[in-house]
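Read the structure below first, then the notes.
The values are calculated or read from the model by the stated rules, or taken from the named source; none is laboratory data. Because the structure is predicted, anything quoted here is derived from the model rather than measured. Cβ: placed from backbone, ideal geometry, glycine included. Neighbour counts: every protein chain shown.
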Amino acid sequence: MKIAIEELAGCSGCTIAVLDLHEMLLDIVKDADIVYSPVIMDVKEPPEGIDIAFVTGAVRNAENQEHLERIRRRAKTLVAFGTCACYGGISGLSMLNSNEDLFSCVYQGVDTVKPNGAIPTDVPPFLYRAFAVGDLVKVDYYITGCPPKEAFLKQIIPAMIKGDTLELSRKSVCSECDRIMGPVEGWKLSRRHEGIPDREHCLLGQGYLCLGSVTFGRCSAACPKNNVPCHGCNGPSLDILREPCRDIYSMMVRRISDLTDKPAKEVEKELYDVAHTMYAFTIGSLIMEDKENSKIRDLVKERSV
Ligand code: SF4
Ligand code: SF4
Ligand code: SF4
């Protein structure tokens, strides 16, 4: 069994999540050779005849696209690994800024570079938008999470290598969360740092924007269990993904409206920074943008050419 891990536009955190399997890696390499992974080994390009390629990161520039198409040709099974690969992830947020702004920020605007440093002209050109891997090539399996969580990977990676099948939950984060819905009175949206939520009741009911109901599970509701609202890092729940008329923003507005008895228009006025709160992990996904009532089209101001 030959395994490869390809890196596109991402933070490499997904590959680190594989390394975080620690001793289990020793069992994995008894059955499989890791033949290519730019983060963990010095092999310049993937060989032919890969059995499973895990692709991490979104497709943001021409080099990402070339590398994706190359690994697709060379791998029997391709897995979109992590939310950037599945839905564009954090890399997709780059579409909120122009190319010019992005380049001047990276090469001139941060403290670790010299002011007025030169912007290189030989970096791969951006595509006109960010893409999820499945927007451009056939994907055999999707593993979401930013990054996918250790307990989940421990279940599925050995099974994939051995060719075993598993029954996995298809439910949302809320289904894995044991908080109870408390009285919802005088609901007012609060940011995460504004107060300390009570640990027993639903965070959304307390006014914290918890996306658990619109987010795919398999993380054991890690954030709500630690008193932090879910910010949607596993991507959309299956009902949102499947139904063309369901979208993260509209479903959250409806949920809050039902919970608080406020008219939807009033709820919409309270929600702000929609790009970062609702679509932080999915803005770069064509599937999510193409939904009938998606707000992504309005949020993306300028496309790269
Ligand atoms: S999904 Fe998250 S951890 Fe993985 S590459 Fe993207 S930003 Fe990094
Ligand atoms: S909205 Fe958040 S806090 Fe409430 S039940 Fe769902 S995951 Fe738990
Ligand atoms: S609770 Fe939400 S933000 Fe936290 S790990 Fe799970 S999906 Fe990601």
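Overview of results
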quantity: Pair list, Cβ under 9 Å, 6 or more apart: region 127-146 residue more than 22 Å from Lys76 (Cβ to Cβ), other residue assigned to a loop (DSSP other than H, G, I, E, B) and away from ligand 1 (no atom under 15 Å from the Cβ); calculated: Leu127/Ser304; Tyr128/Arg303; Tyr128/Ser304; Tyr128/Val305; Arg129/Val300; Arg129/Arg303; Arg129/Ser304
quantity: Those residues of region 188-221 which are outside any loop (DSSP other than H, G, I, E, B) and more than 10 Å from ligand 2 (Cβ to nearest atom), in sequence order; calculated: Ser190, Phe216
quantity: Asp31 vs. criteria modelled with pLDDT under 95, touching a helix residue (DSSP H, G or I) at 6+ places or on another chain (Cβ under 9 Å) and either closer than 21 Å to Ala132 by Cα or not aliphatic (A, V, I, L, M) (or both); calculated: yes
quantity: Residue in region 263-278 that is within 13 Å of ligand 3 (Cβ to nearest atom), part of a helix (DSSP H, G or I) and among the charged types (D, E, K, R) present; calculated: no
quantity: Condition check for Cys245: out of contact with any helix residue (DSSP H, G or I) (no Cβ under 8 Å at 6 or more places or on another chain), hydrophobic (A, V, I, L, M, F, W, C) and outside the structural domain of Ala58 (by TED's automatic domain parsing); calculated: yes
quantity: Region 4-39, residues that are in a helix (DSSP H, G or I) and more than 13 Å from ligand 1 (Cβ to nearest atom); calculated: Met24, Leu25, Leu26, Asp27, Ile28, Val29, Lys30, Asp31
quantity: Residue check, Ser250 away from ligand 2 (no atom under 16 Å from the Cβ), surrounded by 15 or more Cβ atoms within 10 Å (Cβ to Cβ), of a type outside the set (Val, Ile, Thr) and more than 22 Å from Ile143 (Cβ to Cβ); calculated: yes
quantity: Scan of region 188-232 for residues that are aromatic (Phe, Trp, Tyr) and farther than 14 Å from Thr277 by Cα, ordered by number; calculated: Phe216
